[in-house]
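The values are calculated or read from the model by the stated rules, or taken from the named source; none is laboratory data. Remember, it's a predicted structure, so these values are computed and weren't measured experimentally. Please note: Cβ atoms are built from the backbone with ideal geometry, for glycine as well, and neighbour counts cover all protein chains shown.
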Amino acid sequence: MQVKNISLIKNPKKILFFRLDICLGDSIIHTFVLRELKKLFPQASLTVATFAPSDQFFTHNPHIDKLISLPPLESPDNIYRYFRPGIVWALLKMLAHSWIEKYDLVILPHTVHTPFNQLYSILLPHSLLPPYDYTQPIQQTFIRMLKQLGAQEVDTSYEFPIPTQDSEYAQQFLQKHNLQPNKFWVINPTGSMEYKNLSSLQIQTILDTLRSTNIPAVVLDYKNQFPTLQNILRFTSTSIFQTAAFIGQSSGVISVDTGIVHLADCFHKKLLIFYAGDRPGPYNYSFWAPAQNSSRFLQGNESVKDIPLSVLQTEVSKFIKDLSN
């Protein structure tokens, strides 16, 4: 059965946090939720079930008692991703698992309440779909949920432990290119969907604007997607942890709407973020925004590429000027 009155839940012994997505940004946000759940119910066994490749983000989480890794899930733009045989079988097994293990609370933190995951939540015993307010930052929904469960105060800081070898990889890049920590900017030009991506001309405009203020900049370009850009520093990596370590060394990040925004938020970096038009329905770009207040946003109509170069140049200049004052 579904949880009808969350405030009536007292001292659960077994909690399942079942992620029906693989988004990097959500994975980062969930780190504070898991920590606060464990603080609220220290005697409870906390299990996280999540699809690959997002399972890697929870492998070393100290607040989790058990991690269930499910098969690789495709990106959100594939509307049939839950209907692949391997995924269907995994979901059926999780249904059986949840009934056998007799969890007192099953939290399904999926940010988009589709008919599919609403039906799935009905089949899970003691399930809870957090009631999102799509006009407020996503963190606010989890704060309300935790307080309804009994939390007095909620610490919303994120946790993203970085393995030593990945920190060393980022440090070697800095040394090779004579970059000083907290003296350069990172540009992330691509997101999970095409309409989020910057064009080559937009990237070049940002780079030129930063150069005019003598600020070094590095472009995250994993697959050489922008071969026409010349004389730029490109950071490539083999893991998100290497990218995280590199962002942690920067002054700030200029990025499209993607998980990199929340990754930068982990390290309290200054952020200039480019959004496409608001999604259909109740969604507002502030729902996907970072937690810190030092961010600035710029929004296109249908896609990020709609933002004129002149506007882009002006906003980047203002952003850098404001930070230097």
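Odds and ends about this structure:
- Some residue of segment 149-163 being under 27 Å from Trp288 (Cα atoms), out of contact with any Pro (no Cβ under 8 Å at 6 or more places or on another chain), assigned to a helix (DSSP H, G or I) and not aliphatic (A, V, I, L, M): no
- First in segment 298-311 and in the same structural domain as Ala276 (by TED's automatic domain parsing), second anywhere and basic (Lys, Arg) and at pLDDT below 95, Cβ under 7 Å, 6 or more apart: Val304/Lys196
- Of all residues making up segment 195-209, the number that are part of a loop (DSSP other than H, G, I, E, B) and either in contact with a Ser or Thr (Cβ under 6 Å, 6 or more places away or on another chain) or among the hydrophobic types (A, V, I, L, M, F, W, C) (or both): 2
- Hits in segment 98-113 - residues which are without any contact (Cβ under 8 Å) to a residue 40 or more places away in the chain and either aromatic (Phe, Trp, Tyr) or surrounded by 12 or more Cβ atoms within 10 Å (Cβ to Cβ) (or both): Trp99, Val112, His113
- For segment 66-86, the condition of being free of Cβ contacts under 8 Å to residues at least 24 places away in the same chain, assigned to a helix (DSSP H, G or I), of a type in the set (Asp, Glu) and in the same structural domain as Thr141 (by TED's automatic domain parsing) holds for none of the residues.
- Ile206 being surrounded by 20 or more Cβ atoms within 10 Å (Cβ to Cβ), outside the structural domain of Tyr275 (by TED's automatic domain parsing) and not small (Gly, Ala, Ser): no
- Residues being at positive phi, under 17 Å from the mean Cα position of the chain (by Cα), surrounded by 14 or more Cβ atoms within 10 Å (Cβ to Cβ) and not charged (D, E, K, R) are represented in segment 267-276 by at least one member.
- Qualifying residue in segment 97-105 (condition: touching a Lys or Arg at 6+ places or on another chain (Cβ under 9 Å), over 25 Å from Ala151 (Cα atoms) and in a loop (DSSP other than H, G, I, E, B)): no
Yes/no per residue for (1) touching an Asp or Glu at 6+ places or on another chain (Cβ under 9 Å); (2) of a type in the set (Asp, Glu); (3) outside the structural domain of Pro109 (by TED's automatic domain parsing):
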position	(1), (2), (3)
Tyr134	no, no, no
Phe142	yes, no, no
Glu159	no, yes, yes
Tyr169	no, no, yes
Pro181	no, no, yes
Val186	no, no, yes
Ser199	no, no, yes
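- The residues on offer are Ser167, Ser157, Ser121, Ser192, and the sole one that is in contact with a strand residue (DSSP E or B) (Cβ under 6 Å, 6 or more places away or on another chain), touching a residue at least 24 places away in the same chain (Cβ under 8 Å) and of a type in the set (Ser, Thr, Tyr) is Ser121.
- Which listed residue, of Thr243, Thr236, is hydroxyl-bearing (Ser, Thr, Tyr) and surrounded by 17 or more Cβ atoms within 10 Å (Cβ to Cβ): Thr243
- Qualifying residue in segment 73-90 (condition: surrounded by 17 or more Cβ atoms within 10 Å (Cβ to Cβ) and either small (Gly, Ala, Ser) or at pLDDT 95 or above (or both)): yes
- Ser250 being assigned to a strand (DSSP E or B) and among the hydroxyl-bearing types (Ser, Thr, Tyr): no
- The residue that is surrounded by the most Cβ atoms within 10 Å (Cβ to Cβ), among those in segment 37-72 that are out of contact with any Phe, Trp or Tyr (no Cβ under 6 Å at 6 or more places or on another chain) and small (Gly, Ala, Ser), is Ser54.
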